[in-house]
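Working notes for the structure below.
Read-outs: derived from the displayed coordinates by stated rules, not from any lab. This is a predicted model, so every value here is computed, not measured. Every residue, glycine as well, gets a Cβ built from its backbone with ideal geometry; the counts of neighbours run over all protein chains shown.
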Amino acid sequence: MKKIIRNLHLVWLFTATNWQTHSQNRIGAISWIINGAITPMLMMSIWLVVGNRQQLSMNSSQIVTYYLLTIIVSRITGSWSLYKIGALVRSGDFSNTLIKPFSYLIEILSHTLGVKLLRLISLAPVIAILAFVLKDSLVLTVSLTTGLLLALSLIMGFLIKFFWSNLLGLLTFWLGEYHSVDNLDSLLGQTLSGELIPLALAPLLLQSLISYTPYRFIISFPIELALGQITTPRIIEGFLIGGLYLSLLFLLNKIIYRAGLRKYGAYGH
């Protein structure tokens with residue numbers, strides 16, 4: 001119990017430090033706002049045009065609500081640990097984490113939470129403006145039960161993304177670089193998470209693929225819950241599959257980390 005409390009205290013301290021460090025990057029905050037909002041709004045516009053020309057399984061209000069939620073959910077569940085771990089390994093600074101009296105995951109998690117908090121706050125004014133402008137097109141009624149399930153799905157989605165990103169970052173032990181891995185992951189993530197194409201609007205083959213990949217639980221699954229697009233049996237199935245992915249990723253992180261340490265040779269500047 002004391003160890004858990006100590007680790008939580010360390011996460012709190014490191015998160016505050018990372019928040020202060022990244023909050024000085026005002027230009028970066030502007031780019032986060034643009035990157036976080038422009039793609040969903042562009043995709044929303046495309047699907048609204050398509051919806052005006054042919055019948056879709058989602059109406060215009062559902063499409064607008066979906067992509068507004070995409071902006072929020074992607075920031076809540078997002079993780080940038082791939083870059084952090086990759087940079088530490090690539091520079092040789094990962095050696096410093098090995099001599100500290102706590103797990104490297106505490107620093108990586110704190111970095112992710114610090115960046116996440118800043119990006120959410122940076123996006124808040126944009127979300128408020130978009131919600132005001134689009135208020136007549138929003139359809140979102142969340143009950144207490146749905147709200148609790150939504151909160152649980154967001155936590156699960158974040159942890160899946162966090163450990164998935166960690167796992168990809170640890171591959172730097174063998175690959176020696178991480179940018180190409182991140183680019184491939186971003187491409188797959190945008191396609192399979194529902195960020196670009198809602199599951200309900202995807203072709204049947206893509207729907208089947210998305211439904212059972214870990215990417216779905218990062219964005220699509222929480223939004224499906226919020227919009228009431230998923231039945232109770234599918235909700236139970238979703239949490240079971242998501243929990244299975246989370247357990248598997250946690251285990252793989254331990255295995256790859258230990259194997260990576262045997263491979264690791266500190267190098268860099």
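Structural remarks
- Overall form of segment 130-189 per C-alpha gyration tensor (a/c, 1.5; a/b vs b/c): oblate
- 10 Å Cβ shell holding at most 15 others, DSSP loop, chymotrypsin sites (Phe, Trp or Tyr not before Pro): longest site-free stretch of the chain: 103-211
- Kyte-Doolittle at least 0.0, axis length at least 20 Å by Cα - qualifying DSSP helices, the chain: 26-53, 60-77, 104-133, 144-170, 232-263
- GNM remark for the chain: springs join alpha carbons under 10 Å apart, and the peak mean-square fluctuation among 186, 165, 74 falls on 186.
- Only alpha carbons enter this Debye calculation for the chain, each as an equal point scatterer, and the log10 of I(q)/I(0) it gives at q = 0.07 Å⁻¹ is -0.27.
- Structure-based [θ]222 nm, the chain - -39500 (n - 2.57) summed over DSSP H runs of at least 4, per residue, nearest 500: -25500 deg cm²/dmol
- Of the GluC sites (Glu not before Pro) found in segment 153-257, the ones in coil according to DSSP and having at most 13 other Cβ atoms within 10 Å of their Cβ are 177.
- Added length on full extension, which subtracts the Cα-Cα distance from 0.36 nm per residue, residue 205 to residue 240: 10.4 nm
- Full-stretch length increase - residue 98, residue 133 - with 0.36 nm per residue and alpha-carbon distance subtracted: 7.6 nm
- Lysine pairs with alpha-carbon atoms under 24 Å apart, segment 82-221, spacing 8 or more or separate chains: 4
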